[in-house]
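Following: one structure in structure tokens, then a few remarks.
The values are calculated or read from the model by the stated rules, or taken from the named source; none is laboratory data. Nothing here was measured: the structure is a model prediction, and the numbers come from that model. Neighbour counts are summed over all protein chains in view; Cβ atoms, including those assigned to glycine, are modelled from backbone coordinates with ideal geometry.
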Amino acid sequence: MELPDVIGFVLDEALNVIQNCGYEVKEIISLKSPYKPAGPIGIARVVRLSPTGNGGLQVIITYQDYRKEV
């Protein structure tokens, strides 16, 4: 079975597509910006999918922006 092409999708939309294709999301990992270490803001987008076996997927996301440190 081919992985759904959801790279760049907003997380909620990607999860719907993934589930409709018969996959189960086993894990969601959020990448953090090394240049802006404060908390994320904005929209979460999918940057990578990795199969975990038995129809499961690991979804890696990042946010469009991060709060500036004060």
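Of the candidates Val46, Val6, Val17, the single residue that is in a strand (DSSP E or B) and at pLDDT 95 or above is Val46.
Among all positions in segment 28-38, there is no residue which is over 14 Å from the mean Cα position of the chain (by Cα) and modelled with pLDDT of 90 or more.
Pairs linking a residue in segment 29-49 that is among the basic types (Lys, Arg) to a residue that is loosely packed, with under 12 Cβ neighbours inside 10 Å and modelled with pLDDT of 90 or more, with Cβ atoms under 7 Å and 6 or more positions apart or on different chains, are Arg45/Gly8.
Filter segment 20-30 for residues that are polar (S, T, N, Q) and in a strand (DSSP E or B) and give the result. Residue satisfying the conditions is Ser30 alone. Cβ-Cβ distance below 6 Å, separation of 6 or more or different chains: which pairs start in segment 52-70 with a residue that is farther than 15 Å from Leu11 by Cβ and outside any strand (DSSP E or B) and end on one that is modelled with pLDDT of 90 or more and of a type outside the set (Asp, Glu)? Correct list of pairs: Gly55/Tyr23.
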